[in-house]
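Step one of this worksheet: look at the structure below.
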Amino acid sequence: MALVGGSPASVASMEAKQRACAEAGIFCRTVHLSEQAGQAELCPLIQLFNEDRRIHGILVQTPLPSRLDEHEAFISICPEKDVDCCHPLNIGKFAIGHAPVLPCAPAAIQRLLLDSGYETSGKHVVICGRESLTARLLAQALVQKRPDANATVTLCDRIANGLPPVTREADIIVTALGQPESVTGAMVREGAVVVDASNNIVPDPSARRGYRVVGDVHLPSVLAKAEAVAPAPGGVGPMTIAMVLANTLALARRTAAG
């Protein structure tokens, strides 16, 4: 597997994936690009990984340094090695239910719900944060006619004043707003299931690094109403890493099968 990234916000996530690969016995190459790196450096690097027979999966860790074009990076990945289903060809296959692997974060949310005993079939799922790629891809995944999907989905924007009437109707709420602790208990009906898919950095002078990471969900008030909450950090993130490994294995098996 190959991991490519470089922005300060992506370093911790890349390191976690690298550790997970080591623990699982998966060969992993990690490249941290500098803030001065240009597109002429990024795309040839990806091409080297495309041609490396030891590499069965390539993941571009976003956000990239601001000088780099994420879309150009995505289309440089060989579709057969696209771990996160971000190449346009694979996104098209995903939209019609035929992608070789599912995008890691949406797949992680589906897996987290199902493995915790919460079916999505026949349920009303409200996804908050339509500007998020994860939110849009999750919406596409959950409306498909599959046992792990088959939901009624409402995809909302981040205008907080318009959210409560919608979220209070949801069986399952998924937040990808990027707004720290903005989803409160007043926005959740009794017995709902809530999945927080955001990691937000907020200043905290008392913390060792001067900041702490919180999700979109205000946990004390939401826990008082919801049947279950997958918090952030600690819920979707580790499951996403598990899906990265699972997708890498699946692509390697497809290659071996010819």
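Within region 66-81, residues that are under 16 Å from Ser7 (Cα atoms) reach partners that are in a helix (DSSP H, G or I) and polar (S, T, N, Q) with beta carbons closer than 7 Å, at six or more positions or on different chains, in the pairs Leu68/Gln39; Asp69/Gln39. Taking Glu119 as the residue in question, decide whether it is in the same structural domain as Glu169 (by TED's automatic domain parsing), of a type outside the set (Ser, Thr, Tyr) and either out of contact with any Asp or Glu (no Cβ under 8 Å at 6 or more places or on another chain) or modelled with pLDDT under 95 (or both). Against the criterion (in the same structural domain as Glu169 (by TED's automatic domain parsing), of a type outside the set (Ser, Thr, Tyr) and either out of contact with any Asp or Glu (no Cβ under 8 Å at 6 or more places or on another chain) or modelled with pLDDT under 95 (or both)), Glu119 qualifies. Of all residues in region 153-171, those being modelled with pLDDT of 90 or more and surrounded by 15 or more Cβ atoms within 10 Å (Cβ to Cβ) number 9.
Do we find that Pro205 is assigned to a loop (DSSP other than H, G, I, E, B) and not small (Gly, Ala, Ser) in this structure? Yes: the conditions hold for Pro205. Within region 110-131, track down each residue that is touching a Ser or Thr at 6+ places or on another chain (Cβ under 8 Å) and surrounded by 20 or more Cβ atoms within 10 Å (Cβ to Cβ). Hits for region 110-131 are Gln110, Leu113, Val125, Val126, Ile127, Cys128, Gly129. The residues of region 199-225 that are under 25 Å from Leu114 (Cα atoms) and surrounded by fewer than 20 Cβ atoms within 10 Å (Cβ to Cβ), listed by number, are Asn199, His218, Leu219, Pro220, Ser221, Leu223, Ala224, Lys225.
Please state which of the following conditions Glu190 fails to meet, knowing it meets all the rest: (1) within 22 Å of the chain's Cα centre (by Cα); (2) touching a residue at least 24 places away in the same chain (Cβ under 8 Å); (3) exposed (fewer than 13 other Cβ atoms within 10 Å of the Cβ). The number of the failed condition is (1).
Here Thr184, Thr175 are screened, and the one residue that is among the hydroxyl-bearing types (Ser, Thr, Tyr) and touching a Gly at 6+ places or on another chain (Cβ under 8 Å) is Thr175. If you go through region 42-100 and keep only what is within 20 Å of Met14 (Cα to Cα) and in contact with a Cys (Cβ under 6 Å, 6 or more places away or on another chain), you end up with Asn50, Phe74, Ser76, Asp84. For region 211-237, filtering for residues that are modelled with pLDDT under 95 and out of contact with any strand residue (DSSP E or B) (no Cβ under 7 Å at 6 or more places or on another chain) leaves 2. A residue that is modelled with pLDDT of 90 or more and either in a loop (DSSP other than H, G, I, E, B) or over 30 Å from Lys93 (Cα atoms) (or both) cannot be found anywhere in region 131-142. Here Asp196 meets the list (1) surrounded by fewer than 20 Cβ atoms within 10 Å (Cβ to Cβ); (2) within 22 Å of Gly117 (Cα to Cα); (3) among the acidic types (Asp, Glu) almost entirely, failing just condition (1). Here Ile201 passes the criteria (1) over 24 Å from Arg130 (Cβ atoms); (2) modelled with pLDDT under 90; (3) not basic (Lys, Arg) except the one numbered (1). The residue that is nearest to the chain's Cα centre (by Cα), among those in region 144-177 that are under 24 Å from Ile96 (Cα atoms) and small (Gly, Ala, Ser), is Ala176. Filtering region 222-237 to residues that are assigned to a loop (DSSP other than H, G, I, E, B) and in contact (Cβ under 8 Å) with a residue 24 or more places away in the chain leaves Ala224, Lys225, Ala226, Glu227, Pro231, Ala232, Pro233, Gly235.
The values are calculated or read from the model by the stated rules, or taken from the named source; none is laboratory data. Since we're looking at a predicted model, the values are computed, not measured. No Cβ is skipped: glycine too gets one built from the backbone with ideal geometry, and neighbour counts run over all protein chains shown.
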